[in-house]
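> Here it is: the structure, laid out below.
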Amino acid sequence: MRLVSANDYQQLSQLAADFILEKVKQAEKLTLGLATGSTPIGTYQLIIEDYQHNKTSYSHVTTFNLDEYVGIKPTDPNSYHYFMEQKLFKHLPITSEQIHIPNGLAVDLEEECRLYESRIKAHEGIDLQLLGIGSNGHIGFNEPGTTVNSRTHIVNLTEETRRSNARFFEALSEVPTQAITMGLGTIMDSKEILLLVSGKSKSKALFDLLEKKPDPSLPASILDSHPNVTIIADQDALQYVK
Ligand code: F6R
């Protein structure tokens, strides 16, 4: 794993946007794995600004998001569909055919998981997967204890994750109890991974990821056995790392 140290969130976002945009500009065909959450918002904003200045083409780009809540409509402001639309897609020349996000309203959720896997395969896998990390070390919605070869699946969200995500909802009781997420095996199949880590609340997870042996209690530690991972972390996240 390569560690890139950023001074602050702004620089982290700039480094991440440059990293992604280089691939977008160089590749003839690119399948990008995307994440939601607070961490990539600055990166997405800079990608939008690049488009506004440079009219970068996205006609060769396909996207697959990591996860989506179960039981929330795509038009619900708390859905990851809505987040991606507002924070990135509506500002780029990208059509709905190019975008994939798990359907948390599917009647048959198990079938939706299988379909999601087969769509990724049909695009010959993910070239670059962008990740954030939870304070408990989760990636996607793969909580501690998730099996390493898991594929896209339905998860019951932990209380910690629900509480942490409750800031976006009116009340904790409104936070969904389930989500669909790419599995750890799905993420590990990506050809390249870019993990963004920002803020003191992530510093313990980042320290464990960098300094301890891989352990299922820290799902992100599986990244240690991936051949092509770049971590961009800011100084707050790096506070325990020497
Ligand atoms: C988002 C996702 C999550 C987040 C993680 C960090 O699609 O899969 O694993 O990356 O919860 O979230 P933030 O960036 O809000 O701290």
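The values are calculated or read from the model by the stated rules, or taken from the named source; none is laboratory data. Quantities reported herein were computed from a predicted structural model and do not represent experimental measurements. Here the Cβ is made from the backbone with ideal geometry for all residues, glycine too, and neighbour counts use every protein chain on show.
> Just name the residue that is surrounded by the most Cβ atoms within 10 Å (Cβ to Cβ) out of those in the range 129-160 that are closer than 20 Å to L12 by Cα and among the polar types (S, T, N, Q).
Result: Q129.
> Moving to a separate point now. Of the residues I187, I222, only one is away from the ligand (no atom under 13 Å from the Cβ) and modelled with pLDDT of 95 or more; which?
The unique qualifying residue is I222.
> Of (1) more than 14 Å from the ligand (Cβ to nearest atom); (2) in a strand (DSSP E or B); (3) within 22 Å of I120 (Cα to Cα), G33 satisfies all except one. Which?
(1)
> To continue, here is another question. Kindly evaluate T39 against the criterion of being outside any loop (DSSP other than H, G, I, E, B), buried (at least 17 other Cβ atoms within 10 Å of the Cβ) and either of a type in the set (V, I, T) or within 11 Å of the ligand (Cβ to nearest atom) (or both).
So T39 fails the test.
> Here's a follow-up. Taking interchain pairs and intrachain pairs at least six residues apart, which have beta carbon atoms under 8 angstrom, with the first residue in the range 130-155 and within 23 Å of T31 (Cβ to Cβ) and the second among the basic types (K, R) and away from the ligand (no atom under 13 Å from the Cβ)?
Qualifying pairs under 8 Å: T152/R114.
> Let me confirm something: among S221, S190, S198, S203, which residue is in contact with a Pro (Cβ under 6 Å, 6 or more places away or on another chain) and either surrounded by 17 or more Cβ atoms within 10 Å (Cβ to Cβ) or in contact (Cβ under 8 Å) with a residue 40 or more places away in the chain (or both)?
S221
> Still on this structure, I have one more. I'd like to check something: does the range 156-163 contain any residue that is over 20 Å from D224 (Cβ atoms), within 12 Å of the ligand (Cβ to nearest atom) and part of a strand (DSSP E or B)?
The answer is no, given that none of the residues of the range 156-163 is over 20 Å from D224 (Cβ atoms), within 12 Å of the ligand (Cβ to nearest atom) and part of a strand (DSSP E or B).
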